[in-house]
Amino acid sequence: MKEIYCKDCREKLPEDDKVCPNCGGKKRNIVVILEDKIELHDQIKGKIKENGFRRPVKEFKVGDDLYRKSGKWSHIKRHINRKDDYYKEIVKDKTTGEIIHKCEEPLSKHRGHGSAKYKRKSKDEQPHPQLLENK
């Protein structure tokens, strides 16, 4: 938004006036107002590691996350427990609180998502080697 004022009498002027109709002054003050919107998003995540395991035995992620399928910000709760073979994820719409996605299953069955795209060569093959360490 832009507003123009006479520098001498401080009268508001139309944009096309070169001379102030009130005092005849030619000096102008131009006020430009810029507005923008800022959104803040927070998230906390953590990992628990144990000796003998290459990857963390537990991971969690809670907070705001950009949901790729919709391109909108959502609230996510994700828990991964490799020792107990457990995976849980709940994604909710931030504005309505509606559950967009919910998944609770053994981690060994959670395939084809994100970093879980490890593919077995055959159906009889054992679970991912990382899941078998120290069992």
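The values are calculated or read from the model by the stated rules, or taken from the named source; none is laboratory data. Remember, predicted model here, so these are calculated numbers, not experimental data. Cβ coordinates were reconstructed from backbone atoms using ideal geometry, including for glycine residues, and neighbour counts include every protein chain displayed. Only protein heavy atoms, including side chains, enter the accessible area calculation; ligands, DNA and RNA are left aside. Shrake-Rupley method; radii C 1.70, N 1.55, O 1.52, S 1.80 Å.
What number of residues in the range 89-107 are assigned to a strand (DSSP E or B) and open to solvent by less than 60 Å² (accessible area, probe 1.4 Å)?
7
Count, please, the residues in the range 62-72 that happen to be closer than 20 Å to Lys88 by Cα and either assigned to a strand (DSSP E or B) or in contact with a helix residue (DSSP H, G or I) (Cβ under 9 Å, 6 or more places away or on another chain) (or both).
6
For the range 44-61, what are the residues that are surrounded by 11 or more Cβ atoms within 10 Å (Cβ to Cβ) and outside any loop (DSSP other than H, G, I, E, B)?
Within the range 44-61, Lys45, Lys47, Ile48, Lys58, Glu59, Phe60, Lys61 qualify.
Please specify each residue of the range 17-43 satisfying the condition of being open to solvent by 100 Å² or more (accessible area, probe 1.4 Å) and under 30 Å from Asp93 (Cβ atoms).
Glu35, Asp36, Lys37, Ile38, Glu39, Leu40, Asp42
Please work out if Lys27 is at pLDDT 95 or above and touching a strand residue (DSSP E or B) at 6+ places or on another chain (Cβ under 9 Å).
Working: at pLDDT 95 or above: no; touching a strand residue (DSSP E or B) at 6+ places or on another chain (Cβ under 9 Å): yes.
Answer is no for this residue.
Checking His110 against (1) at pLDDT 90 or above; (2) open to solvent by less than 50 Å² (accessible area, probe 1.4 Å), which test does it fail?
It is condition (1) that His110 fails.
Report yes if some residue within the range 62-75 is of a type in the set (Asp, Glu), farther than 19 Å from Ile99 by Cα and either surrounded by 12 or more Cβ atoms within 10 Å (Cβ to Cβ) or in contact (Cβ under 8 Å) with a residue 60 or more places away in the chain (or both); otherwise report no.
No, the conditions are met nowhere in the range 62-75.
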